[in-house]
Every structure is written in C-alpha cells, then in structure tokens.
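All remarks here apply to the structure that follows.
The values are calculated or read from the model by the stated rules, or taken from the named source; none is laboratory data. Keep in mind that what you see is a predicted model, and the values were worked out from it rather than measured. Here the Cβ positions follow ideal geometry from the backbone for every residue, glycine too, while neighbour counts run over all protein chains shown. All accessible areas refer to the heavy atoms of the entire protein, side chains included, with ligands and DNA or RNA removed. Shrake-Rupley method; radii C 1.70, N 1.55, O 1.52, S 1.80 Å.
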Amino acid sequence: MTAKDTTQPTATYDSAFLKACRREPVPHTPVWFMRQAGRSLPEYRKVREGVPMLESCMRPELVTEITLQPVRRHDVDAAIYFSDIVVPLKAIGLDLDIKPGIGPVVEEPIRTRADLARLRDLTPEDVSYVTEAIGMLTGELGATPLIGFAGAPFTLASYLVEGGPSRTYENAKAMMYGDPELWADLLDRLADITAAFLKVQIEAGASAVQLFDSWVGALAPAEYRRSVMPASAKVFEAVAGYGVPRIHFGVGTGELLKLMGEAGADVVGVDWRVPLDEAVRRVGPGKALQGNLDPTVLFTDKNTVEAKAREVLDAAAGLEGHVFNLGHGVMPNTDPDALTRLVEYVHTATAR
C-alpha cells in the first residue's frame, strides 16, 4: 500500500478530533490526554502486572486492551496507540530496555560513526505486532480516531547517545556541537526509522500521528533550526501523502513553537508554560493547536480544575482549530475520575 492508496477511514473522518485538526467547525472541543493509556488507571496496572514494559508493547491483545481503557472510562475523543518511543529501536535489534523508575537504558550508546551501522532500516515485518494491534483496535474503536505516534529524531538520539535519560544532554550536545556531520547523519538515520514506523501505523489504520520531541526544549531556536529541524521535517514530509493530521509536541518548547510548526506539523502541541492565545501568535496562521492544561491542576478540587480548564478554553477562543489536552502527560498518581470529569466539562462547556 502506498500513500496515494490510503484514504481517511470514513467512520472517523467526521469526528470532532479530526475536524479540529483540519481546522474545521466542531460540535464540541475534542479532548484526549497524552499518556491516557495507562499510568493512572487501576485497570491498566492490573493487566500490566508482571509484564515488562517493552513486552507489553509487543502483545497485540494487551496493546488493544490498554489503548481502549481510557476511551471506555473517560469518553475521550481519540485513542492513542499504546507503545513507547524506543519500540522501533528495539525492533531493529538495539540492546535496550525500559527500567522501572528510570526509563529507557541503552546497553551500548551510539558515540562513533561506526556505531551508526547498528541503526538498520525498519521494515513492517519488524513490527508486525503493531499492524495486528491496530487492525484489532480500529475494529473496536469504530468512529473514534486512533492516534499513532513515534519519538522524534532528537529525542531518540538523546537516549541513544546518553545511554539513558539525562537532564543535561551533555553527550548528545557535545556530539551536536563537536561533530555536526556525525550528528546530522545520526538524526537522518533516525528520521528514516521514525518515518517507517509511522507509515506502518498509518497503513494499518491510524487516523492521525503525533511526533513526540519530548526533550527538544533543551535547545535554543538557532540550534533547533540548524541541527534538528531538517530531520523532523524529513519525518513529516515522508508521511505527508497519507493525508492524516500530523501533530508535533515537545516540552519546554515555547521558544520553538514557530519552528516546530514550520517543520511540517498540521497541529502544534503546546505545554502549559505558554497560553494558547500567545502560542497562536508565535506559531502563526494555518495550524491548529493542542493543549494545554497543567497536569498538576488535576490534583486540586473539581471547581479549580474547571476554572483552570475554562482559562485554557478562553485562551483558545480565537484559534482556527483546538484540541484540548494537558500540557504534558497524565501523571501516575492522578485520580482517573478527575480526568473523566474534565472531559465531560470540556464537552459540555464547548457544545455548539
């Protein structure tokens, strides 16, 4: 199947979520939450009990159940495929694991040009469990869109070069500044792997995709434009022909919002640090925005949550398209009922 052969599934095309992504009139502001599939849900913890994270991402029936859980519980307007950004790296044979309480850990970091040889192309056969799970999911979801996702080249590179999570990205930045040719080749290789992973998800039935550049807020705009944007743009261009909305999100990216939109996104995700009415000024016309309630607000009382949600909705009043979300992922100790009430509030407050 090629991009030209792929059309939007009729069942999801007129959903509030996809309409908002396309900047069309909506019956209500659509809502979904990053990291809604898991973490805070007791039913998630129950089905994941005793199953390592990466293994859970490779079991189609388990992926399907976890992806559907927040849709059933919260009545969100979109599901997001349950996976992890390092899944395609594991699929091509890299020795890595997700350590509880730590995150992705790479046994042998990528530090030299010779190391690039370990980053082979990703094929659909490498992630056949993704195709199987998405086929199961689209059958269950019906008119509810499924969002596919992948980690952006910079964030993947930061894990690969550092060998795990980092607060300073000293090794990754040292490569970026000290050996820009190696850095560019690394990100270009990761762009190809990421694009292949997104294509598998779209061709299996995902109605939209989100590129998570979680750690790119560590860069200045000039460095982003020079050292990161070409690889992200390559990913977005590779899936442009499918016609599905492309969302771009990073944390602490207030100074990068315009550039992240220019990289090729149809929807720019905004964290809680920048109000949406200011974000739209920075991003410019022609893009929908997604966001951006501070996730910690959900630890307050119902009235406070609604008041803060109202602030987000008011700031979004002039947007061409708005998808309500948190400014980052759902935190593990969040009360699931608070999320359910928030969805109901946004739907009711914005009903047209």
Answer yes or no as to whether Pro25 is under 26 Å from Trp215 (Cα atoms) and either out of contact with any Ser or Thr (no Cβ under 8 Å at 6 or more places or on another chain) or part of a helix (DSSP H, G or I) (or both). no
Report yes if Ile98 is touching a residue at least 12 places away in the same chain (Cβ under 8 Å) and within 18 Å of Ser158 (Cα to Cα), otherwise no. yes
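Residue-by-condition table, conditions (1) within 23 Å of Leu116 (Cβ to Cβ); (2) in contact with a Lys or Arg (Cβ under 8 Å, 6 or more places away or on another chain):
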{"site": "Arg167", "(1), (2)": "no, no"}
{"site": "Met176", "(1), (2)": "yes, no"}
{"site": "Leu187", "(1), (2)": "yes, no"}
{"site": "Gly205", "(1), (2)": "no, no"}
{"site": "Leu211", "(1), (2)": "yes, yes"}
{"site": "Ala231", "(1), (2)": "yes, no"}
{"site": "Val235", "(1), (2)": "yes, no"}
{"site": "Ala240", "(1), (2)": "no, yes"}
{"site": "Val244", "(1), (2)": "no, no"}
Open to solvent by 20 Å² or more (accessible area, probe 1.4 Å), part of a helix (DSSP H, G or I), more than 29 Å from Asp14 (Cα to Cα) and of a type outside the set (S, T, N, Q) - does that describe any residue in the range 138-159? yes
Tell me, which residue of the range 43-83 that is under 15 Å from Glu132 (Cα atoms) and part of a loop (DSSP other than H, G, I, E, B) is farthest from the chain's Cα centre (by Cα)? Arg59
Residue hits (the range 313-345; open to solvent by less than 10 Å² (accessible area, probe 1.4 Å), touching a helix residue (DSSP H, G or I) at 6+ places or on another chain (Cβ under 6 Å) and among the β-branched types (Val, Ile, Thr)) are Val323, Thr334, Val343
Listed by range, helices (runs of 4 or more DSSP H) wholly within the range 175-261 having at least 3 residues that are open to solvent by less than 10 Å² (accessible area, probe 1.4 Å) and of a type in the set (A, V, I, L, M) are 180-204
Set Lys302, Lys287: member being within 21 Å of the chain's Cα centre (by Cα) and either modelled with pLDDT under 95 or of a type in the set (D, E, K, R) (or both): Lys287
Just one of Ala351, Ala265 is more than 15 Å from the chain's Cα centre (by Cα) and either outside any loop (DSSP other than H, G, I, E, B) or in contact (Cβ under 8 Å) with a residue 40 or more places away in the chain (or both); which is it? Ala351
Checked pairs for the range 63-80, first open to solvent by 30 Å² or more (accessible area, probe 1.4 Å), second part of a helix (DSSP H, G or I), C-beta under 6 Å and 6 or more apart or across chains, list as Glu65/Val47; Asp75/Val343
Could you count how many residues in the range 281-297 are in contact with an Asp or Glu (Cβ under 8 Å, 6 or more places away or on another chain) and either hydrophobic (A, V, I, L, M, F, W, C) or surrounded by fewer than 17 Cβ atoms within 10 Å (Cβ to Cβ) (or both)? 3
Evaluate the range 118-131: report whether one residue or more is open to solvent by 40 Å² or more (accessible area, probe 1.4 Å), touching a Ser or Thr at 6+ places or on another chain (Cβ under 9 Å), modelled with pLDDT of 95 or more and over 30 Å from Arg341 (Cβ atoms). yes
If we keep just the residues of the range 30-42 that are open to solvent by 10 Å² or more (accessible area, probe 1.4 Å) and in a loop (DSSP other than H, G, I, E, B), which is modelled with the lowest pLDDT? Arg39
For Ala172, work out the one condition from (1) touching a residue at least 24 places away in the same chain (Cβ under 8 Å); (2) crowded, with 24+ Cβ neighbours inside 10 Å; (3) in contact with a Ser or Thr (Cβ under 7 Å, 6 or more places away or on another chain) it doesn't fulfil. (1)
Which of (1) of a type outside the set (D, E, K, R); (2) in a helix (DSSP H, G or I); (3) surrounded by 16 or more Cβ atoms within 10 Å (Cβ to Cβ) does Ala307 not meet, given it meets every other one? (3)
Failed criterion for Leu89 (all others in (1) surrounded by fewer than 15 Cβ atoms within 10 Å (Cβ to Cβ); (2) in a helix (DSSP H, G or I); (3) of a type outside the set (D, E, K, R) hold): (1)
